[in-house]
Amino acid sequence: MLNKKIYSVLGENKDLGNKLHSYYVYKSNKKIQIKTKKKIESILNNYSDKKLVGLAYDKTTRKFIQELILLKKEKNWNKIVIKILKGLKDLLEREIKEAKIVPKITTSNIKEELKKLPIYHKSDILKIKQEKGLIKVDYLSKRFSPEYNKKKLSYYNIFEPWRDTQFIFTLNFNKNLFIWDYINIHKQFRGKRIGTKCALLMEKFAKKLGFTRFSVEYPNREYWIKKLNYKIPYKYRISSGKHNYTLEGYKED
């Protein structure tokens with residue numbers, strides 16, 4: 001369904017789909033989510049370019065939505081936009097209904113848990129950022145990231161996706177939502193269930209804290225469905241093939 005031009009705005013380059021999803025599903029409070037759901041319903045009932053632009057939450061997303069609108073003559077444009085809007089509406093309905101608060105913890109608890117990972121070593125790079133109701137964890141395994149060692153890159157200045165063995169996740173205590181931001185195992189170590197074991201251990205830890213809901217944006221369907229038991233309903237799959245986009249993978253314990 002997706003061609004290269006629409007995909008460049010929605011996914012690969014501009015990442016508009018994830019930006020809207022992350023802001024409204026992960027970051028927004030219930031009041032904003034209810035308001036946004038009503039906006040989407042209005043667009044679906046009586047479309048206008050102005051209404052679609054109204055979904056922007058900053059200058060960047062406004063610019064990208066306008067770029068998307070300029071592609072209206074592309075094949076399947078209407079179907080794609082409708083599917084995105086219906087998917088976001090459905091996810092917002094879920095969040096409005098299911099989100100709840102989980103008691104907070106200290107970052108020291110997380111550090112101790114990461115030491116239990118089968119790949120852990122004292123040389124690993126760990127960054128934990130705590131915000132209001134959120135803890136973001138960024139863990140890089142130096143022993144399992146040969147390119148990092150070879151190039152001697154400054155990890156916090158240069159980030160090259162899909163290269164090192166790295167896990168990034170967010171504990172959203174305001175929503176009872178564990179969010180996978182990034183998982184990658186260096187190609188040299190793939191096929192040994194390293195990523196799956198580490199991911200399951202982190203999710204097990206989150207369950208101990210009281211988390212019962214787990215989410216990942218833009219999931220690789222086969223991995224998340226088969227290895228980690230996430231559900232990716234067809235209605236969230238905007239397209240398949242070379243240019244594919246999926247709103248979210250999700251599961252509840």
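The values are calculated or read from the model by the stated rules, or taken from the named source; none is laboratory data. Because the structure is predicted, anything quoted here is derived from the model rather than measured. Virtual Cβ from ideal backbone geometry, glycine too; neighbours counted across all protein chains shown.
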Among the residues in the range 216-237, are any part of a strand (DSSP E or B) and modelled with pLDDT under 90? yes
Considering each of Ile40, Ile34 in turn, give the residue that is in the same structural domain as Thr61 (by TED's automatic domain parsing), of a type in the set (Val, Ile, Thr), farther than 17 Å from Lys175 by Cβ and modelled with pLDDT of 95 or more. Ile40
Single match in Tyr24, Tyr47 (criterion: farther than 15 Å from Glu93 by Cα and aromatic (Phe, Trp, Tyr)): Tyr47
What number of residues within the range 76-105 satisfy the criterion of being β-branched (Val, Ile, Thr) and crowded, with 20+ Cβ neighbours inside 10 Å? 4
Among Ile80, Ile43, which is the only one that is within 22 Å of Lys242 (Cβ to Cβ), β-branched (Val, Ile, Thr) and in a helix (DSSP H, G or I)? Ile80
Output the number of the condition that Glu67 fails; it satisfies all remaining conditions of (1) crowded, with 19+ Cβ neighbours inside 10 Å; (2) part of a helix (DSSP H, G or I). (1)
Is it the case that the range 193-202 has a residue that's β-branched (Val, Ile, Thr) and either without any contact (Cβ under 8 Å) to a residue 60 or more places away in the chain or in contact with a His (Cβ under 6 Å, 6 or more places away or on another chain) (or both)? yes
Within the range 88-142, track down each residue that is within 19 Å of the chain's Cα centre (by Cα) and in a helix (DSSP H, G or I). Leu88, Lys89, Asp90, Leu91, Leu92, Glu93, Arg94, Glu95, Ile96, Glu98
Would you check if Arg213 is at pLDDT 95 or above and either touching an Asp or Glu at 6+ places or on another chain (Cβ under 7 Å) or aromatic (Phe, Trp, Tyr) (or both)? yes
For the range 10-26, which positions are modelled with pLDDT of 95 or more and in contact with a Phe, Trp or Tyr (Cβ under 9 Å, 6 or more places away or on another chain)? Leu16, Lys19, Leu20, His21, Tyr23, Tyr24
